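Presented below is the structure to which this report refers.
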Amino acid sequence: MGSRPGNDKASRYIAQLEEARCAGRWKDVPELCRKVEKHAPHRRCLTLTARSEAQIAAYSNERPSTTASTASTGLSNIVPPLLTAIDEEGDYVEDAFQATICLGWLHYVLDEPGLAVARLPKDISAVARKMSSKETSLSAWSRVCLIKGAYLKGSSQEKTGSVEEAVSTYGSILPWLSSLNSITTETIQFKMWAEHLLVRTCILSDQSVEAGNIVEPTEALHAYRFWGKYWETIAKSTGTEGMIAARYRRLAWKAYYDTLSTILRRSLPYQAESTFLDASGKTALQRQSDSRLQQRAELKRVETVYEGLLLNETQFPKASESNQEIETWTDAVMHNWRFFCGPTWSDQDLGEGGKEAVSRGVLDILYRAATKTFHSTQVLRHLFTVHASLAEFELSFKAYESYVEIITRGKDRVEKTGEEDAGLDNDDLVLQTSAEAIRLLCRFGSRKEAEKAVSIGNHIERWIEQAQHVKATASDAGSVRSVETALAPRSLAVAYSAVGISQAHWARFTYEADARTGIQTKAVQYLRKSLEPRLGGPNSIEALYALALVLAEMRDIPGAIKVVKRALSPATKGKTFTSADGLLSDGLSTEFGRERKLIPLWHLLALLLTSRSDFTTAEKSCEAAFEQFGDPEILFGKEDEDATYKSEHLNEVNGRNGKNLGIVDQMESFEKGGILQMKMTQLALVEVVEGANTAVDGCDELLALYARLFGDSATEQPKIQPPTTTVPPPKSAVGTIRGSIFRSSKGSVRLPPNNAIARKSSTASSRPSTVATQGTVAPTIQVTDENGSGHANGHHRHLFHHKEDDERGSVRRSPSKLRKRSMNSLHRNSEVDGASEMPQIPGTTTNNTSARNGDSRSKSPGRHARSRASSLSQSIDGHERPLHTIAHNLPPSSEPPPAGHSRQLLKQDTRLPASLSSTDYIAPDPRFSKIEERRQRITLLVGIWIFISGLYRRAEMYEDAQGAVNEALKLAETFEGEVAQQSSTSKAFADSGWGCGKSVEELWADAFSARGELLVAQSLQHEARTDFERAVLHFPDHAKAIVGLSNILLDIYTEAIPLEPAQASGTNAHQLLPSTPTAPNTSSNSKKPHLMSHTPSAENQIPPPELNRLMARDRAFGLLSTLTKLGAGWDYSEAWFALARAYEESGQIEKTKEVLWWCVELEDTHPVRSWKSAAIGGFVL
């Protein structure tokens, strides 16, 4: 805005007027206008516009009142002069433009949006381009009028209902706004109107609402990112217009966050703001990972800003109020968390810390949200969920207990007053959350947790009754409505299923033998109730699995088979609302999720068929579990040329792309364990059908499969020296109640303390000579090289005899029976008797060719010798710890942490509770600590070695069996040293922790019991007794050890074996009975039948040898009587048979008959392996 030449005073006043307008000093404007009119009378349009703006500003600041109404009449009188001034102004274009914007503003404040739209320029962006193209730069107030006009027109269009046109108007000015050199140098009024425009643009661009669909996601992100830059430079430090403006700024950030969340949840295309990583030479997966890193970083940045604004501007509520915005915010965070920690995102996509870091960040958000809420059940429910996903079960259930306490008190209050409490979770959410608590307790807990699950189940039953009563009371008609109408069918199905699972799980642990059948019956009733069609989920795979398993344990084999076939039928393909947990999270799905869920069901079907001696069909059932995936490469991935397995972490480090990965690389540890259990069942079936000598051929296949599932890092990683310093514990979050709990995750394993070493040396010295002669040579089982170089221990030829026979040119044995059986035989041999028990494979088979030989059983053994050799180099703890040639023999040491990390990252996400509408979703397992992950893997590997030992023992290959037992013993010894580093108390050795792993003591008991059985097979009962005693000493309720020890004690009683070994000095057996001279081996007829008196007296003098035998019999009876009442032995037929023998030797014939009939009933329905082998997670799928 210039002035006539030579009039310096006029120019100075005009500049002062513009400055006052740009600064919003409207009180100074009238005086300045008077001075401008005096010295520059030709600028009448300018002064008239400025005076009008001052009046409009004064009117806008007044509250609606009579005075304001009178003032509005005065404002209307301004319109004709402004129109005249605009028409007459020909010299100063900017003055006319400013008057036009002022006229539009006038109509806007007078609530005349239609007239405002008509008065303002049709295309603000065109005006901005035209005025900016002139040689002279735009004046400051003209720039304000450009942004102000765009906002006024867009807002007026919104008021008239033309939202789409408003979005276009707002967006049209953004390119001009972006072209400005710096917004920081602009005036206060410019920043204010720019903020108004950007806020409205952000709110209208929100992709999470229907109106936001007008804007493309890419354009919306462009607007939000401009708002973010504006915030960083201007609004963050110089907010405008107090609390109202602050609220709208917060809403803009919320819209930004909701849009990013919608892009994440709907998998919409995401265009990164800038490409900070060179994409040249990268695979599609690597480019996707780079894009996701930026997406996560942007969402985190917006999350931080919005949370800060929300917490700063929100007050703590009264006891009768709730902060709805805070709770809505936590819901949004949790929804995003489920996607980040779900199956579609990996740790690599999330940057430093991976999914664990995301979960920790969510916990911090929830605890901060709790400071702005009063007893929020919503926040407590989320805390329960996220803590459980991190395997922090103690904290998780503290949150749940607080949640239940608040809910219970609230429901009692509602029941008394009849008034709903809006601050409480509704009945459906309460039932779903409690069902998830039962799922966690039953899947990952032990007896104590099973008892707690039953208690929660009782709460669920009471809440259902309460809901029915309250709804009936609140009914307008006054009629009593059923509970099905009071609660959502989805919630009822989940609740009934959870109660049934808790009862079935408790039946395994209860000490009340008489009540067990009743508990199981109640479990069946609730599970069947959850499957009723009226609840909408008659084909829930989870409920059908639990029902089939409990029917199997009740020995209802036909009923269990019927339920399993129903679960395997195509009817379960459809979407159902019932999931394992029950919390809302739509849109998540897992690749081949349904097929993966069906693997335990195929396994259970195989066991059910073996209980009916239908072994052929049972083998086909095992094959079908893998045939449902089609091509074996889908399940196991494409083989590398060197056939060397790597863990997921090593694949990422070495740049291995996802083309070689299979479904097993996405599986959790429980699923991988289930595959190994099925492999062992297949070997057990081969043993039954073709003998143990044939079954042992599959042992190397079993070990190779373990290497494929859990990784073999020995050939890729250099040897890591054990660290010399103790790794400091991770820092805990400040200001949270969970500071140091479950944070300790030691990445190194040091040697056990002196007392532990002494204990091991004393244990080793007491072992039979087969172990003692090994000295310090390790490992015991080694693998021949490709060139056939031999090894010291003679038993090696048995483990790999078919390989060596090939190399020596001798008569070649037939390939493993497991490899000969193609999974296609299910269809080719459908005419075999009993095939009617075999349901058709759900889904379409994509490959019926000979390539199918690469299923879980034949995938590994089909490899060349070097692949087979590497199969024994197992990685017990997967990709976190590099192990050497014989992984399970060496003391583990941790890898150094990856670059940028203070400690090793966990592999798998948590989960945590995410329920969905699809049966294809598999919730991630909790992220257990390293010691718990290692416990689970060692438990599995010890079980594999003991299983292999049993096969070799029954094949009378005792040296190989001894080697396998030695491997199990060394694993137990190594793990004991690691546990000793985690805790200095002996209680830690007896603690099995969470996650269905075994305690150190139970691992020792398993290994000693297996060695005892091996010694019994070699007729070394006294040496076996030493190992059985040792097993019982470690784990008093060990079923196999008790049965083995009891049989030996009963043999001593019947004098089938001498009281003491023939050469006591040559053994290290620890005699628990009094040492006495060996009695002559007389026949059982020479002693008094059924000695009943236990105490020598004047009337009954029993010689010491007979007294010792009597003590042996009574001890066996006591051990067996206790075992058969426990969960570990109530359905263990071997224990009952031994108890029958004890009754018989005691002269209790009626008891003997009763127990023997029970043995017959158990054996009639006894599978080839325990039902628990198909149910690693108990009754929870």
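The values are calculated or read from the model by the stated rules, or taken from the named source; none is laboratory data. Because the structure is a prediction, the values reported are computed rather than measured. Here the Cβ is made from the backbone with ideal geometry for all residues, glycine too, and neighbour counts use every protein chain on show.
List of remarks:
- Search result, residues across region 79-95 that are of a type outside the set (A, V, I, L, M) and either within 22 Å of V109 (Cβ to Cβ) or outside the structural domain of S52 (by TED's automatic domain parsing) (or both): P80, P81, T84, D95
- Of all residues assigned to region 636-649, none qualifies as being over 30 Å from V1160 (Cβ atoms), more than 22 Å from the chain's Cα centre (by Cα), assigned to a helix (DSSP H, G or I) and at pLDDT below 80.
- L285 vs. criteria at pLDDT below 90, in a loop (DSSP other than H, G, I, E, B) and aliphatic (A, V, I, L, M): no
- Residues that are in contact with a Ser or Thr (Cβ under 7 Å, 6 or more places away or on another chain) and modelled with pLDDT of 85 or more within region 556-595 comprise I557, R594, listed in sequence order.
- Scope region 303-333; condition among the acidic types (D, E) and in a helix (DSSP H, G or I); matching residues: E303, E307, E313, E325, E327, D331
- Residue ID - modelled with the lowest pLDDT, chosen from residues in region 210-248 that are assigned to a helix (DSSP H, G or I) and of a type in the set (D, E): E210
Residue by residue, here is whether (1) surrounded by fewer than 24 Cβ atoms within 10 Å (Cβ to Cβ); (2) hydroxyl-bearing (S, T, Y); (3) modelled with pLDDT under 90 holds:
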| position | (1), (2), (3) |
| --- | --- |
| D91 | yes, no, yes |
| E94 | yes, no, yes |
| C102 | no, no, no |
| H107 | yes, no, no |
| P113 | yes, no, no |
| V117 | no, no, no |
| A128 | no, no, yes |
| K134 | yes, no, yes |
| L138 | yes, no, yes |
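- Matching residues in region 958-969 - criterion: being surrounded by 22 or more Cβ atoms within 10 Å (Cβ to Cβ) and out of contact with any Gly (no Cβ under 9 Å at 6 or more places or on another chain): D960, Q962, G963, V965, N966, E967, L969
- Residue match in region 171-193 (condition: in contact (Cβ under 8 Å) with a residue 24 or more places away in the chain, buried (at least 24 other Cβ atoms within 10 Å of the Cβ) and under 17 Å from L251 (Cα atoms)): no
- The residue list G361, G410, G423, G418 contains one member that is under 18 Å from the mean Cα position of the chain (by Cα) and over 14 Å from P926 (Cα atoms), which is G361.
- Residue list for region 542-557, restricted to those being surrounded by fewer than 24 Cβ atoms within 10 Å (Cβ to Cβ) and either aliphatic (A, V, I, L, M) or farther than 20 Å from S1170 by Cβ (or both): M554, I557
- Residue-level analysis places G977 outside the set of residues that are in contact with a helix residue (DSSP H, G or I) (Cβ under 9 Å, 6 or more places away or on another chain) and either on the phi > 0 side of the Ramachandran plot or crowded, with 21+ Cβ neighbours inside 10 Å (or both).
- Candidate set: region 1096-1135, residues that are within 40 Å of the chain's Cα centre (by Cα) and aromatic (F, W, Y); chosen: the one modelled with the lowest pLDDT: W1130
Per-residue answers, yes or no, for (1) hydroxyl-bearing (S, T, Y); (2) surrounded by fewer than 20 Cβ atoms within 10 Å (Cβ to Cβ); (3) closer than 23 Å to L1181 by Cβ:
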position	(1), (2), (3)
A357	no, yes, no
T385	yes, no, yes
G410	no, yes, no
D421	no, yes, no
A437	no, no, yes
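- Selection of region 523-541 for residues being part of a helix (DSSP H, G or I) and crowded, with 19+ Cβ neighbours inside 10 Å yields A523, V524, Y526, L527, S530, L535, I541.
- Residue satisfying condition, being surrounded by fewer than 18 Cβ atoms within 10 Å (Cβ to Cβ) and among the acidic types (D, E), within set E158, E216: E216
- Failed item, numbered, when S182 is tested on (1) of a type in the set (G, A, S); (2) at pLDDT 85 or above; (3) more than 28 Å from T328 (Cβ to Cβ): (2)
- Failed criterion for G1147 (all others in (1) part of a loop (DSSP other than H, G, I, E, B); (2) buried (at least 16 other Cβ atoms within 10 Å of the Cβ) hold): (2)
- Only a single item in (1) surrounded by 22 or more Cβ atoms within 10 Å (Cβ to Cβ); (2) under 21 Å from I557 (Cβ atoms) is not met by H1166, and it is number (1).
- When restricted to residues that are basic (K, R) and assigned to a loop (DSSP other than H, G, I, E, B), region 994-1029 contains 1.
- Residue count, region 200-213 (criterion: touching a Phe, Trp or Tyr at 6+ places or on another chain (Cβ under 7 Å) and surrounded by fewer than 23 Cβ atoms within 10 Å (Cβ to Cβ)): 1
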